[in-house]
Amino acid sequence: MSTVRHSHPLSRAALGAGAATMLLLVSACSSSDGDDASASSDTMEATASASAMAAGEEMSDLPQTLVFSPIALQIPAMQGLSDGVTHYGGDQGWEVIVQDPDLDPSTQVQQVTEVLESGRAGALWIIAIAPESMSDVLVTAQEKGVPVLINGVPADYGFDGAQAGISFDTIDYAEGGTALGEQTGKCINEKLGGEATVIYGESAPGTAGKQESDDAFMAALEATAPNATVVQTWEISDRAASQTDVSTILGANPGVNVVAAANDEGALGAIGAFKSAGTDLPCVTDFGGNDEVLGLVEDGTMYATVALQFQDDMVQSFNTLVEMQADPTAEGPVLTVPIKVTTSGS
């Protein structure tokens with residue numbers, strides 16, 4: 001199996017890949033391997049534990065004010081999420097303060113610290129640009145008894161496990177990759193008698209959760225349709241490049257009849273390549289689920305899409321912070337962004 005690769009004018013963190021991909025980055029914008037953060041874990045946890053206890057003893061009523069700190073409002077997905085949080089919070093009787101660190105970790109730390117020190121914050125929702133930069137902010141919030149919801153997992157911030165007053169929100173990339181592999185295999189079994197020649201569009205190197213998702217996809221596909229063969233992968237950058245890459249693959253592998261892709265741009269580009277070649281494509285699946293893709297699933301052009309449910313995650317995140325405000329010294333839950341599979345038969 002080979003892989004088509006080409007250079008990218010922007011890194012993965014650079015924002016041009018569309019809302020779905022940006023949200024993938026956002027929800028687990030983490031993480032280094034955690035080695036450096038782990039070195040200070042014991043000290044941080046001891047400090048946080050003592051601080052949380054003190055906060056519990058001295059805590060006064062917190063204002064119903066949520067401070068939302070996304071990575072940058074210049075990103076359409078982040079502006080949309082900010083609007084959603086503002087409207088939903090307002091409907092619940094909360095004031096929502098939206099900050100804009102504009103992709104600068106030091107600005108994000110400064111903005112959040114200032115609002116914490118001002119006493120205006122009743123709860124914090126942070127999508128950290130650089131998780132390692134936010135560790136001291138989390139300890140400060142614990143000292144003040146202000147609950148926090150933040151992206152990633154405890155290890156990204158130097159913690160070992162759940163923490164008082166902090167909820168972590170992440171994406172289960174293995175679950176998403178497994179669902180994609182299973183849906184691809186089901187299509188192969190239903191439409192192609194269990195045998196197929198498959199190509200797979202991978203996310204670019206550095207994408208959050210890439211390895212977990214890719215490995216889970218391959219394992220689930222093999223388990224569901226063991227007689228299918230993945231003959232080549234390509235690296236997705238955008239729709240146009242994917243159409244070019246898949247056209248090249250078809251020239252060398254005219255028997256390809258199944259496409260799976262790690263995002264919408266890859267799937268849509270592949271569909272364009274097959275149409276241009278006049279080649280039938282019985283099975284197309286992806287991990288994305290934008291409106292265009294959902295329409296193609298509905299009309300049967302695509303078999304299935306696996307989609308992260310960020311609206312549902314927004315609601316569970318806000319509601320979690322409201323619950324945590326009642327007792328900021330209690331351990332916060334680790335949340336997972338819900339996933340939904342939509343198929344052409346549903």
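Scanning region 192-217 for residues that are modelled with pLDDT of 95 or more, surrounded by 17 or more Cβ atoms within 10 Å (Cβ to Cβ) and assigned to a helix (DSSP H, G or I) yields a count of 6. Within region 115-145, restricting attention to residues that are among the charged types (D, E, K, R) and in a helix (DSSP H, G or I), which residue is farthest from residue 67 (Cα to Cα)? Across region 115-145, the extreme among qualifying residues is 132. Number of residues in region 83-110 that are crowded, with 19+ Cβ neighbours inside 10 Å, part of a helix (DSSP H, G or I) and touching a strand residue (DSSP E or B) at 6+ places or on another chain (Cβ under 7 Å) equals 3. Read through the list (1) touching an Asp or Glu at 6+ places or on another chain (Cβ under 9 Å); (2) modelled with pLDDT of 95 or more; (3) over 25 Å from residue 159 (Cβ atoms); (4) not polar (S, T, N, Q), then give the number of the only condition that residue 299 fails. Here residue 299 clears every test but (1).
Can you find a residue that is assigned to a helix (DSSP H, G or I), more than 20 Å from residue 281 (Cα to Cα) and more than 17 Å from the chain's Cα centre (by Cα) anywhere in region 223-241?
Yes, region 223-241 contains at least one residue that is assigned to a helix (DSSP H, G or I), more than 20 Å from residue 281 (Cα to Cα) and more than 17 Å from the chain's Cα centre (by Cα).
Taking the criterion of being among the polar types (S, T, N, Q) and either surrounded by fewer than 24 Cβ atoms within 10 Å (Cβ to Cβ) or outside the structural domain of residue 96 (by TED's automatic domain parsing) (or both), the residues of region 119-155 that qualify are 133, 135, 140. The set of residues in region 224-233 that are closer than 13 Å to residue 180 by Cβ and either polar (S, T, N, Q) or crowded, with 24+ Cβ neighbours inside 10 Å (or both) comprises 224, 225.
Go over the candidates 111, 99, 79 one by one and state the one that is among the polar types (S, T, N, Q) and farther than 25 Å from residue 144 by Cα.
None of the other options fit; the residue is 79.
For residue 184, state whether it is in a helix (DSSP H, G or I) and either of a type in the set (Val, Ile, Thr) or modelled with pLDDT under 95 (or both). So residue 184 passes the test. Among the residues of region 234-246, those identified as crowded, with 19+ Cβ neighbours inside 10 Å and small (Gly, Ala, Ser) are 237, 242. Could you tell me whether residue 221 is free of Cβ contacts under 8 Å to residues at least 40 places away in the same chain and buried (at least 19 other Cβ atoms within 10 Å of the Cβ)? When the stated conditions are applied, residue 221 does not pass them. One residue stands out among those in region 40-82 that are assigned to a loop (DSSP other than H, G, I, E, B), modelled with pLDDT of 50 or more and not β-branched (Val, Ile, Thr): the one that is nearest to residue 112 (Cα to Cα), which is 70. Within region 220-239, the residues that satisfy the criterion of being among the small types (Gly, Ala, Ser) and over 21 Å from residue 337 (Cβ atoms) are 223, 225, 228, 237.
The values are calculated or read from the model by the stated rules, or taken from the named source; none is laboratory data. Since this is a predicted model, take the numbers as computed values, not measurements. Quick reminder, even Gly has a Cβ in these numbers, built from the backbone with ideal geometry, and neighbours come from all protein chains shown.
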